[in-house]
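The values are calculated or read from the model by the stated rules, or taken from the named source; none is laboratory data. Here the structure is a predicted model, which is why all the values come from computation and not from measurement. All Cβ positions, glycine included, derive from the backbone under ideal geometry; neighbour counts span all protein chains shown. Note: areas computed on protein heavy atoms with side chains; ligands, DNA, RNA excluded. Shrake-Rupley method; radii C 1.70, N 1.55, O 1.52, S 1.80 Å.
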Amino acid sequence: MNTSFLKNFIAVVEEKSISSAARREHIAQSALSLQLKTLEDEAGCVLLKRSRHGVSLSDEGEIFYRYARRILGLENEMKDRVEEISAGGGGVLRLGISSSCISNVMDNQLCRFGRRYPNVKYELFEKSGAEVLTALRSGIVDVGIINSMVAPTQDMRTHFKSFEPMAVLYNRELNFFEDASIPFSALKGIPLCIAKRSAEVIRHVYALNGFEPVISAQCEQFETAANLALCGKGAAIVPLAIAERYLYYIHEDKRSYFNTERVKVYTAQGKRVYPEICDACFATENKSKCSVMLPKGFDGWLLYPLDISATLPIVVHYDARIGLDSLSEITSLLFDFRFENSRKGQHYAIGGIYLTDSLEALPDSALMLDDFAYVGSIADDYRMEDMSVYGQRLSSVSVQPINGLDNAMVLTLPTDGQYVDNIHCGAEWVRSGLVNNIGKYRYFAVRVINPDIDRLAFSIGLIESRRLSLARLQENVLDTSFMVLSCQDHILSPLAEEFIREFTDSPAAGQ
């Protein structure tokens, strides 16, 4: 069916006159009448009722008109989406994700997709599996990701189904297990933190093994069970992806900031500058000198003395932080950026992280910790912290050339008025490179670039995390797999198809 005929048919309905529609669409009236007859012949019914007052829709025409508008809408949407993809991967991806699946997808497929298409925006619909199915049918979302325990109906297409093992997450100080892979029988006598949805299955498997579970806490979500394990309430039986998320990501316990009164700041050309030294944030009464204020257009090096006395404790009403000499095990590093009156599209960057004895050794003779040459490390080793107390959104992150550097981690502000942003580094170099070399090198050096933000406050913190251990269960005791779905009645956008390909092309897709 010719879509230009449908467009002219809609014009006739809206104008209630064939002659007026012909003038509007710049077509001869005779040609338009012929198009209308062709549509009625193809539909096999009368679509328009003609009278001396003009034209009106028949009962069949009412239905035809609604579908004609939908068809043209899909055609326009298709063109827009294809143009967005071809113009650099922009557009909006609308996802419906049930809460039990979001950790896995955010850490894997969505993260990889974001690196491929850094300009894409997201609308996430976080609901139950049944609500995600409803959103797919109504067109609120393009792709749905739900737990496999929710049965999809015949109007859904299943693009992918995962098979995820379970794991046990526990505080390392409790020393529950010696091995990284354990049979279910090893849980005998261990206090458990479990999600209610898994309680019945766990009790059944315990019974098969001839003993009763010791349940110290029940909750609604796997993430809550993991948090309870973090607090030492017991061992959490959770999907492996959630366990790994809590094992490797940061759960702050203690923090120490470098004292910026001792920092040396140089431009990229080697000229020393003396910027303003300030507190941790603009809005508090905290007077500790842990931030250096970098003006618009700054591009240069910050050299922090690398010894125990170079850090300082910070005490504010909602957080207790300590000095470096009180940290028993540094597990990660925090880059803390604070700014105000910012505008969408502004950006700043980290251009390299090194240990050095002098400015002259940078970068060639210094010990390189990370120059972001490997793009994948942005996803694997760094994460953005959403400090929801300030209500800001996360920056978009990319690696690209800037100011003569081949690779720089560039963070772009997604909205006006963004206030604060953190980058948590759980990279291997924090433990093996930075911590092992404290006292061997004079300075920890970071290149920071601030092209156009008026006031960029920058500080660096060292963090000791609560320590967790993980043991993978050898038996598949609980089905926590998820499915990727779309609605049969809706045409997938190119962007949605590209996102689905992240699942179907992944190494796990054939398992």
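Residues in the stretch 97-132 that are within 27 Å of L247 (Cβ to Cβ), open to solvent by 60 Å² or more (accessible area, probe 1.4 Å) and at pLDDT 85 or above: Y122, L124, E126.
Hey, among the residues in the stretch 332-346 that are in contact with a Leu (Cβ under 7 Å, 6 or more places away or on another chain) and crowded, with 18+ Cβ neighbours inside 10 Å, which one's nearest to P118 (Cα to Cα)? The selected residue is Q346.
Quick grid of which residues meet (1) over 12 Å from Y65 (Cα atoms); (2) at pLDDT below 90:
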residue	(1), (2)
F9	no, no
V12	no, no
A28	yes, no
A31	yes, no
L34	yes, no
T38	yes, no
G44	yes, no
L47	no, no
R52	yes, yes
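Of the residues L327, L312, L302, L306, the single one that is closer than 29 Å to N436 by Cα and modelled with pLDDT of 90 or more is L302. Looking at the stretch 325-376, what strands (runs of 3 or more DSSP E) fall wholly within it and have at least 2 residues that are of a type in the set (A, V, I, L, M) and within 22 Å of the chain's Cα centre (by Cα)? Of the strands (runs of 3 or more DSSP E) lying wholly inside the stretch 325-376, those with at least 2 residues that are of a type in the set (A, V, I, L, M) and within 22 Å of the chain's Cα centre (by Cα) span 332-338, 347-356. V141 falls short on exactly one of the conditions (1) in contact with a Ser or Thr (Cβ under 7 Å, 6 or more places away or on another chain); (2) of a type in the set (V, I, T); (3) not in a helix (DSSP H, G or I), and that condition is (1). Regarding A135, is this residue in a helix (DSSP H, G or I), under 22 Å from the mean Cα position of the chain (by Cα) and modelled with pLDDT of 80 or more? Here the answer is yes, as A135 does meet what is asked.
Scanning the stretch 233-251 for residues being at pLDDT 85 or above and open to solvent by 20 Å² or more (accessible area, probe 1.4 Å) gives a total of 1. Candidates V420, V446: the one that is closer than 26 Å to E276 by Cα and modelled with pLDDT of 85 or more is V446.
For the stretch 163-178, a tally of residues being assigned to a loop (DSSP other than H, G, I, E, B) and not hydrophobic (A, V, I, L, M, F, W, C) returns 4.
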